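One structure is given below, encoded as structure tokens.
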């Protein structure tokens, strides 16, 4: 007997499916909410925030995940595309572009009506995440990190130092301003490795995927006596050329050189046994 999957997507025009459904759906009485069990699969931002919200409304919520701990969900690696719905000045973003990019990024396998609804309420999702304590990085200033740091026993001076390091590690506007920001820049910008690429067909790799996947070996060495910070890479030229590597990483390597100078050291980059910086 064949089993047919039914996504229960409402009928109607794409842009109106979920709006019409929400307007016509029956309301659950508060007295009946405890009689209903809601199963949520996944404990990332979507699953966890839904579980928290539904539990607060009074439903019996059961959450399942495949990891050994619900805190190991992969939302920490999210790229923040949902920010497109904010359409900050000069970003040239929009709800439609978020919808289109999400469909395209999902290899056109996502359910269009559901993605459209996500894009439609993206601003509300961001506000909900922030309200539930998620340090949602809507800007590069690093100020949102203060939401986490203020719950620690760090002094104001230490918190300011950390926030400054976060805000100054952005490639377009940042640079090392003190030893802490210098260490963060070196640790972040030298992080190129094959394991950063999620499993997917090689044909769908973009240039960032190819560069990371091509690095078969990466070693960062610090010699405190000689004051030399060395990054040694082995790059498979059949996957990525050195030109492609520097197209993505030249700015990052120059940031590392400046950060090393802040630490009173020299930054050296070696690729396939040849010194290139």
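The values are calculated or read from the model by the stated rules, or taken from the named source; none is laboratory data. It should be emphasised that the depicted structure is a prediction, and the values quoted were computed from it without experimental measurement. A quick note on method: Cβ atoms are made from the backbone with ideal geometry, for glycine too, and the neighbour counts reach across all protein chains shown.
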### Query
What do you reckon, is residue 44 at positive phi and out of contact with any strand residue (DSSP E or B) (no Cβ under 6 Å at 6 or more places or on another chain)?
no
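Filtering region 188-201 down to residues that are in a helix (DSSP H, G or I) and in contact with a helix residue (DSSP H, G or I) (Cβ under 8 Å, 6 or more places away or on another chain), which residue is nearest to residue 221 (Cα to Cα)?
If we filter region 188-201 for residues that are in a helix (DSSP H, G or I), which is where we start, we get 188-189, 194-196.
Going one step further and asking which of them are in contact with a helix residue (DSSP H, G or I) (Cβ under 8 Å, 6 or more places away or on another chain), we end up with 189, 194, 196.
Numbers: 189: 14, 194: 19, 196: 20 Å.
Out of the qualifying residues, it is 189.
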### Query
When region 87-123 is examined, which residues are found to be at pLDDT below 85, surrounded by fewer than 16 Cβ atoms within 10 Å (Cβ to Cβ) and over 24 Å from residue 202 (Cα atoms)?
87, 88, 89, 90, 91, 92, 94, 96, 123
### Query
What's the number of the condition residue 182 fails, among (1) closer than 30 Å to residue 105 by Cβ; (2) part of a helix (DSSP H, G or I)?
(1)
### Message
I'm trying to understand the selection: among the residues of region 105-115, which are assigned to a helix (DSSP H, G or I) and more than 17 Å from the chain's Cα centre (by Cα)?
### Response
112, 113, 114, 115
### Query
Is it true that some residue in region 237-252 is in a strand (DSSP E or B), touching a helix residue (DSSP H, G or I) at 6+ places or on another chain (Cβ under 6 Å) and within 21 Å of residue 204 (Cα to Cα)?
no
### Top-ranked residue of region 171-187 - restricted to ones that are in contact (Cβ under 8 Å) with a residue 40 or more places away in the chain and within 16 Å of residue 221 (Cβ to Cβ), ranked as surrounded by the fewest Cβ atoms within 10 Å (Cβ to Cβ)
183
### Summary
How many residues of region 194-204 are surrounded by 13 or more Cβ atoms within 10 Å (Cβ to Cβ) and under 17 Å from the mean Cα position of the chain (by Cα)? The answer is 2
### Query
If residue 207 passes every condition in (1) under 28 Å from residue 74 (Cα atoms); (2) surrounded by 14 or more Cβ atoms within 10 Å (Cβ to Cβ); (3) touching a helix residue (DSSP H, G or I) at 6+ places or on another chain (Cβ under 8 Å) but one, which one does it miss?
(2)
## Note on the structure
Exception for residue 221 within (1) exposed (fewer than 14 other Cβ atoms within 10 Å of the Cβ); (2) in contact (Cβ under 8 Å) with a residue 12 or more places away in the chain falls at (2)
### Message
Under 9 Å between Cβ atoms, which residue pairs at least 6 apart in sequence (or on different chains) link something in region 38-57 that is under 13 Å from residue 131 (Cβ atoms) with a partner that is modelled with pLDDT of 90 or more?
### Response
52/61
